[in-house]
Amino acid sequence: QVQLVESGGGLVQAGGSLRLSCTASGSIFGINAMGWYRQAPGKQRELVALFTSSGSTNYADSVKGRFTISRDNAKNKVYLQMNSLKPEDTAVYYCNVITVFKDYWGQGTQVTVSS
């Protein structure tokens, strides 16, 4: 059984930084991609960053140059380093792992950026 748990969210002033962590409770096999999504109140969920099976990374245009996704396979973790945060980054951030068998989602962590 696999579970994803996000942590690292919180309240930060504009221009500040946060690092989100996603920890898998069990081994995950056949990973195609790992990513971070976010959803703000009244808005659709959007892809923020993606780490593909080939090792490539993709970012939403709105976060390019500010956010960095990384992973630690030995610890079953994926991270999202968020720098130069803006109020529009405020959202619940979700970890997502796509495998050949199943997609896994965390329950989210709140990120609030004040002006």
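Key figures for this structure:
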item	result
Taking the stretch 1-52 and dividing mean pair separation by its residue count, relative contact order in percent (alpha carbons under 8 Å, at least six apart)	29 percent
Neighbourhood net charge (15 Å Cβ-Cβ; Lys/Arg +1, Asp/Glu -1) for Leu50	+1
Whether the stretch 53-115 is rounded, prolate or oblate, judged on the alpha carbon gyration tensor where a/c under 1.5 counts as rounded	prolate
Backbone HN-Hα couplings from phi across the stretch 48-56 [Karplus 6.51/-1.76/1.60, Hz, Gly and Pro as x]	9, 8, 9, 10, 8, 5, 7, x, 7
Portion, in percent, of the accessible area of the chain that falls on carbon or sulfur, probe 1.4 Å	46 percent
Total formal charge among the other residues, if their Cβ is under 13 angstrom from that of Ser70, Lys/Arg +1 and Asp/Glu -1	+3
Rounded Å value of the spacing that divides the Cα centres of the stretch 8-35 and the stretch 44-97	7 Å
Rounded to the nearest 20 debye, dipole of the chain from Cβ charges on Lys, Arg, Asp, Glu	100 debye
Vicinal HN-Hα couplings computed from phi for the stretch 69-80 (Karplus, 6.51 cos²θ - 1.76 cosθ + 1.60; Hz; Gly/Pro x)	9, 8, 9, 10, 5, 4, 9, 6, 10, 10, 10, 9
Average accessible area per residue (Å²) across the stretch 58-115 - probe 1.4 Å, nucleic acids and ligands excluded	53 Å²
Cut-off 16 Å, label 7 Å out along Cα→Cβ of Trp105, residues of the stretch 29-66 by amide N	34-49
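The values are calculated or read from the model by the stated rules, or taken from the named source; none is laboratory data. Note that the coordinates shown come from a computational prediction; the quantities given were computed from them, not determined experimentally. Every residue, glycine among them, receives a Cβ derived from its backbone with ideal geometry; neighbour counts consider all protein chains shown. For the accessible areas, the whole protein counts, side chains as well, though only heavy atoms, and no ligand, DNA or RNA atoms are used. Shrake-Rupley method; radii C 1.70, N 1.55, O 1.52, S 1.80 Å.
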